[in-house]
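The next block holds one structure in the form of structure tokens; read it before the comments.
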Amino acid sequence: MSTETGTVAGNDTSRIHNIGYRSYDGVRLGRAYARRSLYSQTLRGSFGLGRSAKSKVLPMLLCGVMCLVSLILVAVAIATPGMTKLPIKYTDFAIYLQAVIGLFIASQAPQAVSRDLRFKSVPLYFSRPIERVDYVLAKFAAMTSALLILTGLPLVILFVGALLAKFDFADQAKGFGQGMVSVALLSVLFAGLGLVVAALTPRRGFGVAAVIAVLTITYGAVSTVQAIAWQTDSAGAITWLGLFSPITLIDGVQTAFLGATSAFPGGDGPGAAAGVVYLLVVLALVAGSYAVLMRRYRRVGL
Amino acid sequence: MTVIATESLSKRFPRVTALDRLSLDIGPGVTGLVGSNGAGKSTLIKILLGLSPATEGRAAVLGLDVATEGAAIRERVGYMPEHDCLPPDVSATEFVVHMARMSGLPPTAARERTADTLRHVGLYEERYRPIGGYSTGMKQRVKLAQALVHDPKLVLLDEPTNGLDPVGRDEMLGLIRRVHTDFGISVLVTSHLLGELERTCDHVVVIDGGALLRSSSTSDFTQITTTLAVEVTDSDTHPDGTDALRRALTGAGVKLVGHDGLDAAGLPGAGHILLVEATGEETYDVVRDSVAGLGLGLIRMEQRRHHIAEVFRTEEAPRAAVAATAGAGQQKGSGRDEH
């Protein structure tokens with residue numbers, strides 16, 4: 001029996017009202033609302049919001065590092081006399097800070113999906129109106145948005161700083177636009193890869209390690225082999241080697257289409273033709289991640 | 001009104017038949033679904049939630065077809081899984097609010113309903129602490145709360161008493177009873193212990209090997225199966241109280257079970273426990289009056305908990321009759337098909 005105490009105005013005695021069980025006659029907002037709720041819960045969760053104080057530390061720290069670096073760049077641009085543009089290109093920012101982005105996805109992708117798998121909460125979702133596709137889409141979109149905030153926010157700071165420094169608006173707006181498209185692509189790709197790896201490893205620690213491994217080992221291998229290729233004068237191979245790690249894929253796409261300067265040895269990224277291949281590989285990886293996630297959740301349903 | 005109806009429902013996996021032409025008609029109230037492990041209880045729940053298609057046959061929940069209206073069913077039905085399903089790092093409140101929103105409740109309603117529901121299942125201040133520190137009994141309450149938070153018309157509870165100690169078990173069973181009597185929500189509760197369901201349920205369905213073994217109201221069941229375990233004190237006038245009571249009860253025409261009512265192997269403290277066959281409400285009165293008449297203290301009088309195996313062993317004749325009238329039983333003693 002439920003009880004509710006309320007003080008009667010003007011005297012000290014409290015009364016106990018037995019209000020019993022109340023049924024719910026209000027609206028039920030259904031599947032689309034549940035999907036949105038799951039999206040926002042996951043997105044907030046990736047920055048530790050709505051979670052323990054401890055779990056806020058790392059994502060907030062990483063986000064802070066990203067913003068701090070961009071603030072320093074802005075300060076340099078404004079303080080140095082005679083500068084006409086920012087010290088770096090908008091498209092370079094994510095490439096330089098890829099380690100921070102990698103840490104973020106490695107720590108947050110497992111919290112987004114591994115928890116539900118490890119503690120077997122998934123059946124609770126699927127015994128409700130939402131379905132597998134809603135769950136996967138909500139998680140995918142939330143992770144992508146989280147990465148977009150992490151990578152896009154510093155670019156916004158750079159852009160605002162550039163405007164304050166009265167750099168050429170058209171030039172800056174174009175660079176900012178290109179940068180945003182690039183980090184959007186990076187966010188979808190990293191979110192997909194991170195979630196797939198995390199969803200395959202219910203243990204959170206393994207998930208973190210596996211995501212870091214996928215990102216750094218592939219990048220390490222690719223850049224090493226590229227360096228060797230550069231030393232041995234096989235520059236043609238450099239272009240195609242870039243297809244084998246996530247960050248060099250993004251580098252390739254933005255060099256080909258978004259006016260970026262490649263970080264490849266020799267600064268010689270793929271041209272438009274090779275760029276199309278890069279873009280197709282990125283899109284295939286994203287679609288593949290979605291397919292793998294859908295398959296994965298078919299098996300862990302109820 | 002029918003809450004759950006199935007019609008020759010079958011589910012076959014490549015190597016096993018989980019459900020075999022199961023026909024059920026379950027009305028409002030608390031219904032127990034009893035079966036040993038692997039009898040097909042969980043498979044049935046999955047089909048009823050519209051999450052797993054039946055190989056053949058039909059099923060409807062709250063008048064909605066499971067094959068085509070699964071989403072509508074899941075909006076009106078709550079489900080409490082058998083296994084652990086709670087993340088340890090969030091509080092019960094946060095978790096249940098989230099689950100309420102997953103059921104489509106707007107944010108404010110989700111919070112209000114969560115506070116109400118957690119209080120109804122008996123969680124108070126501790127609901128703000130992380131679930132990781134809860135006892136098994138508290139976790140079971142949170143699991144029940146998340147199944148009730150959206151005020152469903154029906155809840156499916158899979159082994160809700162699993163892992164609980166006797167006190168926790170009784171509390172959970174009382175809570176389940178209240179879900180129907182106070183909240184007006186129909187309940188389908190599974191268990192492999194028949195005895196505990198007899199006291200909680202209006203209706204008990206026994207399945208074995210995926211087929212219906214028996215379906216009857218609990219009062220019918222009680223008529224046939226209930227055994228009372230009675231334990232009394234000794235007194236100066238009756239140094240052997242148990243023996244005195246046995247003679248008194250036999251004199252009053254009450255039937256004792258087993259060898260002179262003593263079941264040496266059955267219960268702890270055997271030798272001091274009389275097993276009395278209860279034929280109806282009046283048996284309880286007879287026992288009470290006999291004990292009082294002898295001036296003995298009544299230590300306990302409780303319904304014995306039957307394991308499902310006992311139904312198979314001792315209930316062969318009446319079961320065959322019930323199964324035949326239900327028109328769904330092809331099984332004999334072993335509970336397996338013979339054709």
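Any read-out appearing in this document is the output of simple, stated calculations on the displayed coordinates, not a laboratory observation. Given the structure is predicted, the values throughout are model-derived calculations rather than measurements. When we count neighbours, we look across all protein chains shown, and the Cβ atoms used for this are built from the backbone with ideal geometry, even at glycine.
Taking 0.36 nm per residue of separation and subtracting the Cα-Cα distance, full extension of the segment from residue B:170 to residue B:84 would add 29.0 nm. For the pair residue A:280 and residue A:164, label points projected 7 Å from Cα toward Cβ lie 4.5 nm apart.
The string of couplings for the range B:125-138 from the Karplus curve (6.51, -1.76, 1.60, θ = phi - 60°) is 4, 5, 5, 8, 8, x, 4, x, x, 7, 6, 4, x, 5 Hz, one whole number per residue in order, with x for Gly and Pro. The residue B:182 and residue B:243 beta-carbon pair, evaluated with R₀ = 25 Å, returns a calculated FRET efficiency of approximately 0.05. Rounded to the nearest 10 degrees, the angle from helix A:53-79 to the longest Cα principal axis of chain A is 40 degrees. Here B:85, B:201, A:67 are placed in order of increasing Cβ neighbour count within 10 Å, fewest first, which gives A:67, B:85, B:201. Over 16 Å, how big is the tail of the calculated P(r) for the range A:75-130, in percent of all Cα pairs? So the portion of pairs separated by more than 16 Å is 67 percent. Here the dipole of the range B:116-169 is about 60 debye; that uses its Cα centre as origin and unit charges on the Cβ of Lys and Arg (positive) and Asp and Glu (negative). The Cα trace of the range B:30-119 gives Rg and Dmax of 15.6, 43 Å, the first to one decimal, the second as a whole number. Dipole orientation for the protein assembly as shown: of the candidates A:55, A:264, B:95, A:264 has the Cα lying most toward the positive pole (charges on Cβ; Lys, Arg +1; Asp, Glu -1). In this structure, the pairs whose alpha-carbon distance is over 31 Å, taken from A:54/B:153; A:54/A:85; B:143/B:255; B:11/B:143; A:54/B:139; A:54/A:139, are A:54/B:153; A:54/A:85; B:143/B:255.
Amide H to amide H, with H built 1.01 Å from N, residue B:215 comes under 5 Å of B:206, counting only residues 5 or more places away or on other chains. A cut-off of 5 Å between modelled amide H atoms, ignoring neighbours fewer than 5 places along the same chain, links residue A:260 with A:255.
The 3J(HN,Hα) values that the Karplus relation (6.51, -1.76, 1.60; θ = phi - 60°) gives for the range A:126-135 are, in residue order, 6, 8, 10, x, 6, 10, 3, 5, 5, 4 Hz. Gly and Pro appear as x.
Dipole of the protein assembly as shown, Cα-centred, from +1 at each Lys and Arg C-beta and -1 at each Asp and Glu C-beta, to the nearest 20 debye?
Computed charge dipole of the protein assembly as shown: roughly 2400 debye.
Determine which residues of the range B:115-136 fall in the zone a paramagnetic label at residue A:120 would reach in this model, i.e. backbone nitrogen under 15 Å from the point 7 Å along Cα→Cβ. What the label zone holds, given the 15 Å backbone N cut-off, is B:136.
I want to check the label-to-label distance for residue A:268 and residue A:231. Put each point 7 Å from Cα in the C-beta direction and report it in nm to one decimal. Simple spin-label model gives 1.8 nm for this pair.
Only DSSP H runs of four or more residues enter the estimate; each adds -39500 (n - 2.57), and after division by the residues of chain A the mean residue ellipticity at 222 nm equals -25000 deg cm²/dmol. Helix A:30-46 and the longest principal axis of the C-alpha atoms of chain A enclose an angle of approximately 60°. The convex hull built on the alpha-carbon positions of the protein assembly as shown has an orientation-averaged projected area of 42.0 nm². The charge dipole of the range A:21-159, taken about the Cα centre with unit charges on the Cβ atoms of Lys, Arg (+1) and Asp, Glu (-1), comes to about 520 debye, rounded to the nearest 20. Can you pull the Kirkwood radius for the range B:91-224, inverse mean 1/r over Cα pairs, to one decimal in Å? Every distinct Cα pair counted, the radius reaches 15.8 Å. Remark: the residue B:65-residue B:250 segment gains 61.2 nm on full extension, using 0.36 nm per residue and subtracting the alpha carbon distance. Taking amide H as placed 1.01 Å from N in the peptide plane, residue B:3 has its amide H under 5 Å from the amide H of B:26, B:27, each at least 5 places away in sequence or on another chain. The angle separating the long axis of helix A:272-300 from the principal Cα axis of greatest extent in chain A is about 30 degrees.
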